[in-house]
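The structure appears right after this line, and notes come after that.
The values are calculated or read from the model by the stated rules, or taken from the named source; none is laboratory data. Note that the structure is a prediction, hence the values are computed from the model and not measured. As a convention, Cβ positions derive from the backbone with ideal geometry for all residues, glycine included, and neighbour counts pool all protein chains shown.
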């Protein structure tokens, strides 16, 4: 029986040519600081992993080249496409994990519509309804439009589950799980974050100038998956990346503006922000405001003004006004929906054994 540590998990880099070629291999369940250079001939039995690495490398380089060639007109066209919301009516070919439930498809379309309108949102489905899958489907749909990189922040205990779900639903995406010791994380930054520098010469009048590709242009991964603790400890390494989308799992942890996580994430640059939470938003306006403030500090800027506006929240008129204010930013599916898995569960049966 093969053991976990005997199976290559992924190749991170390569050197040389033909039979002398070496791959930097991360073995399953071993940390990044225990990666080793392996001759191609020694790992020939794991051709699938080698081909997957080569595919990622080739695709990423082509995408990098196309980004560099993009003109101002191309960027304007991309912004136009973003504003033209494309709604999905059925399951998608680029998702390999199966068909989405109707309410998950609704969640995907909500996330895409919000992205097209540049509205930061909370996906607040009850626990067990697949917020992770909806989020992955959303990022996979952006991947189809060559939009990356993305940042997913989740509890350390759930990172492996996120990784498995990405592998199940969107194996075409290059997902890097960034965690471990300081040495392991330094290794990841060196080999998994960026392609090597590629100096290029450009003509400027009669002289030639050497220009290095920026780090942003050389990013290798599509998604960086990491924990709250690493977000806090490695802010200096991560905050300079321009993230297309930031997804924070268990986003209700940001309800306290004085928390270290809140302070750290506010330093990160992202075009779009999504909070995931299965915890009902209780009748605490201050905590609700802080979540909305994290998403959109421009619209939700003053806690005092918010408190004053909704000081009589028990009045129906104020409740309706609050719902209207939150509607563009919040979607919550309920287990009572007829097509949800929990609704389809068989009734409990009790058997007595003598």
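Below, the figures for the structure above:
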| quantity | calculated |
| --- | --- |
| Any pair with Cβ under 7 angstrom, 6 or more apart, that starts in the range 118-132 at a residue that is closer than 12 Å to residue 329 by Cβ and ends at one that is in a loop (DSSP other than H, G, I, E, B) and modelled with pLDDT of 90 or more | 120/296; 122/277; 124/277 |
| Count - residues of the range 32-49 that are in a helix (DSSP H, G or I), in contact with a strand residue (DSSP E or B) (Cβ under 7 Å, 6 or more places away or on another chain), over 10 Å from residue 21 (Cβ atoms) and at pLDDT below 85 | 3 |
| Selection count, the range 164-174, where residues are buried (at least 21 other Cβ atoms within 10 Å of the Cβ) and over 23 Å from residue 127 (Cβ atoms) | 1 |
| In the range 189-206, residue surrounded by the most Cβ atoms within 10 Å (Cβ to Cβ) [restricted to those that are under 22 Å from residue 57 (Cβ atoms) and at pLDDT below 85] | 195 |
| Residue pairs meeting the criteria (Cβ under 9 Å; at least 6 apart or on separate chains; first on the phi > 0 side of the Ramachandran plot and free of Cβ contacts under 8 Å to residues at least 60 places away in the same chain, in the range 21-49; second surrounded by 16 or more Cβ atoms within 10 Å (Cβ to Cβ) and in a helix (DSSP H, G or I)) | none |
| Set 148, 141, 157: member being over 24 Å from residue 298 (Cβ atoms) and without any contact (Cβ under 8 Å) to a residue 12 or more places away in the chain | 157 |
| Strands (runs of 3 or more DSSP E) wholly inside the range 207-297 containing at least 2 residues that are modelled with pLDDT of 95 or more | 223-227, 242-248, 269-276 |
| Residue satisfying all of: in the range 270-299; over 19 Å from residue 229 (Cβ atoms) and under 14 Å from the mean Cα position of the chain (by Cα); surrounded by the most Cβ atoms within 10 Å (Cβ to Cβ) among these | 274 |
| Subset of the range 238-256 [exposed (fewer than 15 other Cβ atoms within 10 Å of the Cβ) and over 17 Å from the mean Cα position of the chain (by Cα)] | 256 |
| Whichever residue in the range 226-237 is crowded, with 17+ Cβ neighbours inside 10 Å and without any contact (Cβ under 8 Å) to a residue 60 or more places away in the chain and, among such residues, is nearest to residue 129 (Cα to Cα) | 230 |
| Hey, residue 347 on the phi < 0 side of the Ramachandran plot, over 26 Å from the mean Cα position of the chain (by Cα) and either part of a loop (DSSP other than H, G, I, E, B) or at pLDDT 90 or above (or both) or not | yes |
| Condition broken by residue 161, with the remaining ones in (1) more than 23 Å from residue 214 (Cβ to Cβ); (2) touching a strand residue (DSSP E or B) at 6+ places or on another chain (Cβ under 8 Å); (3) surrounded by fewer than 19 Cβ atoms within 10 Å (Cβ to Cβ) satisfied | (2) |
| The lone exception for residue 96 - which of (1) in contact (Cβ under 8 Å) with a residue 60 or more places away in the chain; (2) surrounded by fewer than 22 Cβ atoms within 10 Å (Cβ to Cβ); (3) part of a helix (DSSP H, G or I) it fails | (3) |
| Any hit, the range 14-23, residues being in a strand (DSSP E or B), at pLDDT below 80 and surrounded by 15 or more Cβ atoms within 10 Å (Cβ to Cβ) | yes |
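Okay, residues lined up against (1) touching a helix residue (DSSP H, G or I) at 6+ places or on another chain (Cβ under 7 Å); (2) surrounded by fewer than 19 Cβ atoms within 10 Å (Cβ to Cβ); (3) modelled with pLDDT under 95:
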{"position": "107", "(1), (2), (3)": "yes, no, yes"}
{"position": "126", "(1), (2), (3)": "no, yes, yes"}
{"position": "130", "(1), (2), (3)": "yes, no, yes"}
{"position": "135", "(1), (2), (3)": "no, no, no"}
{"position": "150", "(1), (2), (3)": "yes, no, no"}
{"position": "154", "(1), (2), (3)": "yes, no, no"}
{"position": "187", "(1), (2), (3)": "yes, no, yes"}
